[in-house]
Amino acid sequence: MADSQIFHKPTQSVITQGIPITGGLKEGKTIVIIGRILSNAHKSYISLKDGTHPSAKTALCISPHFEDDHPHILYKTFQNGSWDSDQPTSKSPLLQDQLFTIKILVTAQAYEISANGEELMVYNHRMPFDQMNIISMEGMELDFFGHLVVASYKKELINGLKPGTVIVIHGTVNSDCKRIEINLRHRYGIAFHYLCRFEENAVVRNTWTDGQWGREERSGDIPFANGEFFEMKFTCKAEQYDVSVNGQQAHTYKHRFTNLDDIDVVEVCGGLQLFSVEVKDP
Ligand code: GAL
């Protein structure tokens with residue numbers, strides 16, 4: 001995915017100044033923001049802005065409020081030097097010191113905003129969304145910023161694999177997830193099949209060559225939790241793959257298919273929302 005954006009704990013000043021939205025906003029694109037509202041935040045907001053415009057036009061500002069024991073959210077637009085009238089929601093799942101996942105789907109008419117899986121607001125466009133090129137935030141820490149990728153996804157590995165290549169996958173496991181599957185493929189088979197079967201709490205690892213599966217490896221538990229955000233890494237080493245999830249080593253798999261250069265596709269599918277697949281060559 002060419003325009004994924006992952007930021008590992010950027011500083012407050014970076015996120016307040018604004019992070020570029022690579023590829024811009026497009027109809028059908030879903031922006032994903034995962035973070036935590038600071039416990040001492042007095043004000044907080046997430047804004048989609050035109051960073052090139054001197055008076056920083058803001059198509060959408062989502063502003064959680066915490067006062068008066070009744071948390072609520074205001075939505076507004078800044079143009080022609082002033083804020084348009086607020087559109088409020090009377091309840092808010094966005095609370096101080098709590099993790100949140102906000103998704104903003106851009107449609108032709110509106111931004112469809114949800115938080116923690118709950119629909120919050122359909123905010124009709126008050127200015128063209130395609131002019132918005134940065135996202136800025138205040139009063140929150142950011143764990144992830146990117147956009148949703150279709151659930152079954154193939155990425156080409158331009159240079160194949162080699163010892164030192166790391167494949168990094170970000171996503172959230174659906175609450176009703178039954179399986180998550182990652183395959184490292186070559187033209188004639190699957191070098192490494194990594195399949196989590198939630199109903200059996202089994203992680204099946206195998207290789208498909210000459211039209212058949214080999215011997216399964218199954219030790220160890222599923223390293224994912226339903227409903228949670230994850231960062232998964234496949235590190236290709238000289239002898240084996242190391243698989244880690246959220247920084248914890250989960251599994252290893254000794255190479256059976258050793259022509260690492262020929263491994264040209266990484267495939268991710270199953271009951272997950274996929275945000276990004278990155279390949280880091282050594
Ligand atoms: C089979 C399954 C395949 C693959 C394989 C791995 O039972 O149908 O999709 O997971 O196990 O050994």
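Rule-based calculations on the coordinates, nothing more; no lab input. Note that this is a predicted model, so its numbers are computed, not measured. Glycine gets a Cβ as well: all are built from the backbone with ideal geometry, and neighbour counts include every protein chain shown.
A few remarks follow.
- Arranged from fewest to most other beta-carbon atoms within 10 Å of their beta carbon, VAL277, VAL204 become VAL204, VAL277.
- Computed from label points 7 Å out along Cα-Cβ, the spacing between GLN98 and LYS237 is 4.1 nm.
- Look at the alpha carbon pairs under 8 Å that are at least 6 residues apart: their mean separation over the length of the range 12-147 gives a relative contact order of 39 percent.
- Cα gyration tensor, the range 12-147 - rounded (a/c under 1.5), prolate or oblate: rounded
- Residue with peak Gaussian network fluctuation, the chain [Cα springs, cutoff 10 Å], from ARG187, ARG36, ARG197: ARG187
- Spin-label pair ASP84-THR30: with each label point 7 Å from Cα along the Cα-Cβ axis, the two points sit 2.5 nm from one another.
- Long pairs among LYS29/LYS155; LYS155/LYS178; LYS154/LYS280; LYS103/LYS178; LYS155/LYS233; LYS162/LYS254, criterion Cα-Cα beyond 21 Å: LYS155/LYS178; LYS103/LYS178
- Pairwise FRET efficiency - ALA202 versus HIS125, Cβ, R0 = 41 Å, nearest 0.05: 0.30
- Treating r as the C-beta distance of ASP210 and LYS280 and R0 as 25 Å, the FRET efficiency rounds to 0.20.
- For the pair LYS91 and THR11, the difference between a 0.36 nm per residue extended length and the Cα-Cα distance amounts to 25.9 nm.
- Overall form of the chain per C-alpha gyration tensor (a/c, 1.5; a/b vs b/c): prolate
- Under 19 Å from a label point set 7 Å out along the Cα-to-Cβ vector of GLN109, the amide N atoms of the range 35-62 belong to 60.
- Relative contact order of the chain, defined on C-alpha pairs under 8 angstrom at six or more residues apart (%): 22
- Here each label is just a point 7 Å from Cα along the line to Cβ, and for VAL265 and SER219 those points are 3.1 nm apart.
- Counting only aspartates and glutamates at least 8 places from LYS43 when in the same chain, those with an alpha carbon closer than 16 Å to its own are GLU67, ASP68, ASP69, ASP86, ASP97, GLU138, GLU141.
- Using just its DSSP H runs of length 4 or more, each adding -39500 (n - 2.57), the chain gives a mean residue ellipticity at 222 nm of -500 deg cm²/dmol after division by all residues.
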